[in-house]
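Enquirer: Right, I'll just put the structure down here and ask away after.
The values are calculated or read from the model by the stated rules, or taken from the named source; none is laboratory data. Treat the numbers as computed from the prediction; the structure is a model and nothing was measured. For neighbour counting, all protein chains shown are included, and Cβ atoms are generated from backbone atoms with ideal geometry for every residue, glycine included.
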Amino acid sequence: MGALDYLSLTKPRIMLLLLITELGAMIAAARGWPGMSLTLTALAGGALSAGGAAAINCWFDRDIDAVMARTCTRPIPSGRIAPGRAISFGVGLGAAGFFLLAATTNLLAAGLALAGGLFYVLVYTVWLKRSTRQNIVIGGAAGAFPPLVGWAVVTGSITLPAIALFAVVFFWTPPHFCSLALLLQRQYREVGVPMLPVVASDAGTRRSIVAYSLVLLVVSLVPALWFGPVYLVGALLLGGTILWMAWRGLSAEGLRWASRLFHFSLVYLAAIFALAAAGAVLSH
């Protein structure tokens, strides 16, 4: 048991992507750099909130994590961190994130960060993940809260551009995670988690990824109303690439295309928020 084990409970790679969306929304809301002090405290609060929710997720899913090859080496199922310590750590991080944001930014941002963590834990992890094929579709809202937090940090409010950025992340989640679920469908089947590839045919899953990618492309264009032509051109190229990769998956043999789509979707999300930030600054 060490610091790195506790760090791994926070799922730092996922956290980094969430912080990129929070930072992109902050710069877009400020139409420029929000200031070093505000940025650092906001990102620290967001990291604590997201990390706390992830640690509680690891605590709740410790039974299926012990079975799945992808997760069996995590600190709880491998015995390096006791379940009680893990959930205490997660709750403590979440509380620290709320109070840090409330003290250094505003109560709306703190409340949104808390709401995102609770949605991830209670709605996705506890309720949806093991009960419905729509787990990722609905549960994806949890990962869409950081842009709202970033926007609220800067403006103290939630306006239409923030909601548009929320929608981009929400509709990005199904093609991103369904492509991963295709790669891991045997492991999900073994633990009875009804991810789409487990409960639908391979062809049906591929068609769903195409449909989700098309919706994502359309939704991702809406923020151009506020972030200008630079964002619009970039969103068209990025969204078009996602759709093209998904379309090729309809007839591709094997799952190499799904691996490529999954990894490109990570680049996509970081790039789309970089475009939102750049577009907001340039169109100011």
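Enquirer: Could you pull out the residue among I14, I56, I27 that is more than 27 Å from I81 (Cβ to Cβ) and β-branched (V, I, T)?
Expert: Details: I14 fails: more than 27 Å from I81 (Cβ to Cβ); I56 fails: more than 27 Å from I81 (Cβ to Cβ).
So the residue among I14, I56, I27 that is more than 27 Å from I81 (Cβ to Cβ) and β-branched (V, I, T) is I27.
Enquirer: Now for a separate question. Only one residue in S49, S37 is out of contact with any strand residue (DSSP E or B) (no Cβ under 7 Å at 6 or more places or on another chain) and closer than 30 Å to L182 by Cα. Which one?
Expert: Sole residue among the options that is out of contact with any strand residue (DSSP E or B) (no Cβ under 7 Å at 6 or more places or on another chain) and closer than 30 Å to L182 by Cα: S49.
Enquirer: Of the residues A86, A96, only one is touching a Leu at 6+ places or on another chain (Cβ under 7 Å) and surrounded by fewer than 21 Cβ atoms within 10 Å (Cβ to Cβ); which?
Expert: Of the residues listed, the single one that is touching a Leu at 6+ places or on another chain (Cβ under 7 Å) and surrounded by fewer than 21 Cβ atoms within 10 Å (Cβ to Cβ) is A96.
Enquirer: Still on this structure: Can you tell me which residue in the range 60-79 is surrounded by the most Cβ atoms within 10 Å (Cβ to Cβ), limited to those that are more than 21 Å from the chain's Cα centre (by Cα) and under 13 Å from K11 (Cβ atoms)?
Expert: It comes out as I76.
Enquirer: Further question on the same structure: Against the condition under 12 Å from the mean Cα position of the chain (by Cα), free of Cβ contacts under 8 Å to residues at least 60 places away in the same chain and closer than 12 Å to P223 by Cβ, how does F166 come out, does it pass?
Expert: So F166 passes the test.
Enquirer: Looking at the structure I just gave you, is L108 surrounded by fewer than 20 Cβ atoms within 10 Å (Cβ to Cβ), at pLDDT 95 or above and on the phi < 0 side of the Ramachandran plot? Walk me through how you get there before you give the answer.
Expert: Details: surrounded by fewer than 20 Cβ atoms within 10 Å (Cβ to Cβ): yes; at pLDDT 95 or above: yes; on the phi < 0 side of the Ramachandran plot: yes.
Yes: the conditions hold for L108.
Enquirer: Go through the range 190-209 and give me each residue that's surrounded by fewer than 18 Cβ atoms within 10 Å (Cβ to Cβ) and either of a type outside the set (D, E, K, R) or closer than 16 Å to L128 by Cα (or both).
Expert: Answer for the range 190-209, where residues must be surrounded by fewer than 18 Cβ atoms within 10 Å (Cβ to Cβ) and either of a type outside the set (D, E, K, R) or closer than 16 Å to L128 by Cα (or both): V191, G192, V199, A200, S201, A203, G204.
Enquirer: Only residues that are under 17 Å from L165 (Cβ atoms) and buried (at least 18 other Cβ atoms within 10 Å of the Cβ): list them for the range 243-270, please.
Expert: Passing the criteria: S265, Y268, L269.
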